[in-house]
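Here the structure is laid out as structure tokens; the discussion comes afterwards.
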Amino acid sequence: MAGRRGKDAVEPTAYQRALGLLVRREHSRKELGRKLRAKGVAAEEMDVALDKLSRQDFQNDERFAEALARTRSSSGYGPMRIRAELGTHGLPREAIDAALEACARDWLASARDIIIRRYGNKDLSDQAVRRKAVDFLLRRGFDQKSAFAAVRTGHGGDDFDG
């Protein structure tokens, strides 16, 4: 088959494998390590490769965190969800805080935009619809205050007591 490695093909090194992954998109160090381990790369070889990539600035957890935060916030996710996802990558709190700060996002305005797009033609004076809208925002990672405020202002400013 064309494109398949022959029997005599040399297996790529851990460095080459990791670099190949980084060419496609940013990865956290933890994520790269997990993928390399899944390919059967020895821990020592993996650490050497990841250290080299880090020194060369091909792999950078701070840059990864900012890229992921930017992507998720543009996709309509809130800060709590983004923070939790970044935490799964083994990033320090400072890197997570910096990534969310770099988003420079007005989270309340984002929540309002989501409500307008998703519930624009629905009657938000109906308590059941408002509850669903708030629940939707909470699942997307917005805090309660922002979720209630977004639904309230999405309806034209009426008070929503929950």
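Test of understanding: among SER75, SER125, SER146, which residue is surrounded by fewer than 14 Cβ atoms within 10 Å (Cβ to Cβ) and touching a residue at least 12 places away in the same chain (Cβ under 8 Å)?
None of the other options fit; the residue is SER125.
Table: residues versus (1) under 26 Å from ALA84 (Cβ atoms); (2) of a type in the set (Asp, Glu); (3) not assigned by TED's automatic domain parsing to the domain that holds LEU137.
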position	(1), (2), (3)
SER28	yes, no, yes
GLU31	yes, yes, yes
LYS35	yes, no, yes
VAL41	no, no, yes
GLU45	no, yes, yes
ALA49	no, no, yes
ALA65	yes, no, yes
ALA69	yes, no, yes
SER73	yes, no, yes
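Considering every residue within the stretch 22-33, establish whether at least one is outside any loop (DSSP other than H, G, I, E, B), among the small types (Gly, Ala, Ser), surrounded by 14 or more Cβ atoms within 10 Å (Cβ to Cβ) and over 22 Å from the mean Cα position of the chain (by Cα).
no
Give the residue that is farthest from the chain's Cα centre (by Cα), with candidates limited to residues of the stretch 96-117 that are surrounded by 16 or more Cβ atoms within 10 Å (Cβ to Cβ) and among the basic types (Lys, Arg).
Applying the filter and picking the extreme gives ARG112.
Is there any pair with a first residue in the stretch 101-118 that is within 12 Å of SER73 (Cα to Cα) and a second that is at pLDDT 90 or above and surrounded by fewer than 12 Cβ atoms within 10 Å (Cβ to Cβ) whose Cβ atoms are under 6 Å apart and which are 6 or more apart or on different chains, and what are they?
Within 6 Å, no pair qualifies.
Would you pick out the residues in the stretch 76-94 that are within 13 Å of the chain's Cα centre (by Cα) and either assigned by TED's automatic domain parsing to the domain that holds ARG34 or not in a loop (DSSP other than H, G, I, E, B) (or both)?
PRO79, MET80, ARG81, ILE82, ARG83, ALA84, GLU85, LEU86, GLY87
The values are calculated or read from the model by the stated rules, or taken from the named source; none is laboratory data. Everything numeric here is computed off the predicted structure, so don't read it as measured data. Heads up, the Cβs are rebuilt from the backbone with ideal geometry, glycines too, and the neighbour counts pull from every protein chain shown.
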